[in-house]
Amino acid sequence: MPMQPKRDVATVSPEGKPLGRLIDGVVIRYATTQVDDRGTLCEILNPAWGVHPAPFSYVYQFTIRPGKVKGWHIHHQHDDRIFLSQGTAKVVLYDERPKSPTYGMVNEIYRTDAHRSMMVIPSYVWHAHQNLGTSDALFISMPTRAYDHAAPDVFRLPLENDVIPYKFDQRLGW
């Protein structure tokens with residue numbers, strides 16, 4: 001019997017908003033980039049938006065080289081608030097919180113500077129970022145707690161592990 005084509009499943013609304021369920025506590029706030037003859041301006045995080053209640057305590061930026069993955073890591077004492085400023089990336093999340101309504105769920109979220117956003121990643125949610133572009137991806141991070149050099153709140157697993165049910169690979173598309 002010949003193979004039958006399979007209909008695509010809807011992943012976004014007609015307005016372009018993702019339809020998939022996010023891990024409990026994950027927030028994505030899309031940003032607007034203002035453009036004029038001098039350049040651009042893009043607000044990253046404003047307390048008036050109510051995206052996250054914690055005050056600003058620490059801000060840093062990081063990059064990921066093309067094709068590279070940073071992860072898996074998790075924090076126990078703070079939430080991450082990460083803004084994608086430049087590039088194209090895939091963020092993979094895994095909810096390891098036993099009391100969470102999304103315990104065991106994996107999210108695969110694609111982010112791009114064509115539609116900038118700030119993402120909140122709660123503590124105890126494993127995460128990894130993969131640069132899908134051809135130039136460095138640039139992120140601005142505003143965690144809810146400053147980095148403690150003497151006792152870092154960062155716990156890591158290798159990309160290949162038996163804890164997180166996700167494998168990074170080179171997918172060929174359809």
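The values are calculated or read from the model by the stated rules, or taken from the named source; none is laboratory data. Everything numeric here is computed off the predicted structure, so don't read it as measured data. Ideal geometry is used to build each Cβ from the backbone, glycine not excepted, and the neighbour counts take in all protein chains shown. Side chains included, ligands, DNA and RNA excluded: accessible areas come from the protein's heavy atoms. Shrake-Rupley method; radii C 1.70, N 1.55, O 1.52, S 1.80 Å.
Of note:
- Solvent accessible area, Å² - Tyr110, 1.4 Å probe, full protein context: 130
- Computed from the Cβ-Cβ distance with R0 of 30 Å, the FRET efficiency linking Lys90 to Asn46 stands at 0.70.
- In nm, spacing of pseudo-spin labels at Lys17 and Tyr103 (7 Å Cα→C-beta vector): 2.9
- Dipole of the chain [Lys/Arg +1, Asp/Glu -1 at C-beta], most positive-end residue of Ser13, Ala114, His127: Ser13
- Subset of Lys17/Lys99; Lys70/Lys99; Lys17/Lys167; Lys70/Lys167; Lys68/Lys90 violating a 20 Å alpha-carbon distance limit: Lys17/Lys99; Lys70/Lys99; Lys17/Lys167
- Sites Tyr110 and Ser57 - FRET efficiency at Förster radius 41 Å, r taken between beta-carbons, to 0.05: 0.90
- Relative contact order of the chain: 30 percent, from C-alpha pairs under 8 Å at least 6 residues apart in sequence.
- Whether segment 34-174 is rounded, prolate or oblate, judged on the alpha carbon gyration tensor where a/c under 1.5 counts as rounded: oblate
- Karplus-derived HN-Hα couplings along segment 95-102 (A = 6.51, B = -1.76, C = 1.60, θ = phi - 60°), whole Hz, x at Gly and Pro: 8, 9, 7, x, 8, 7, x, 10
- Within the assembled protein chains, the solvent-accessible surface assigned to Ile44 is about 40 Å², based on a 1.4 Å probe.
- Paramagnetic label zone (point 7 Å from Cα along Cα-to-C-beta, Ser135; backbone N under 15 Å) in segment 11-44: 40
- Rounded to the nearest 10 Å², the accessible area of Lys17 at probe 1.4 Å: 130
- Residue among Trp49, Trp72, Trp126 with the largest mean-square fluctuation in a Gaussian network model of the chain, springs linking Cα atoms under 10 Å: Trp49
- Cα gyration tensor shape of segment 97-174, rounded if a/c is under 1.5, else prolate or oblate by comparing a/b with b/c: oblate
- Gaussian network model of the chain, springs between alpha carbon atoms under 10 Å - residue of Arg38, Arg97, Arg81 with greatest fluctuation: Arg38
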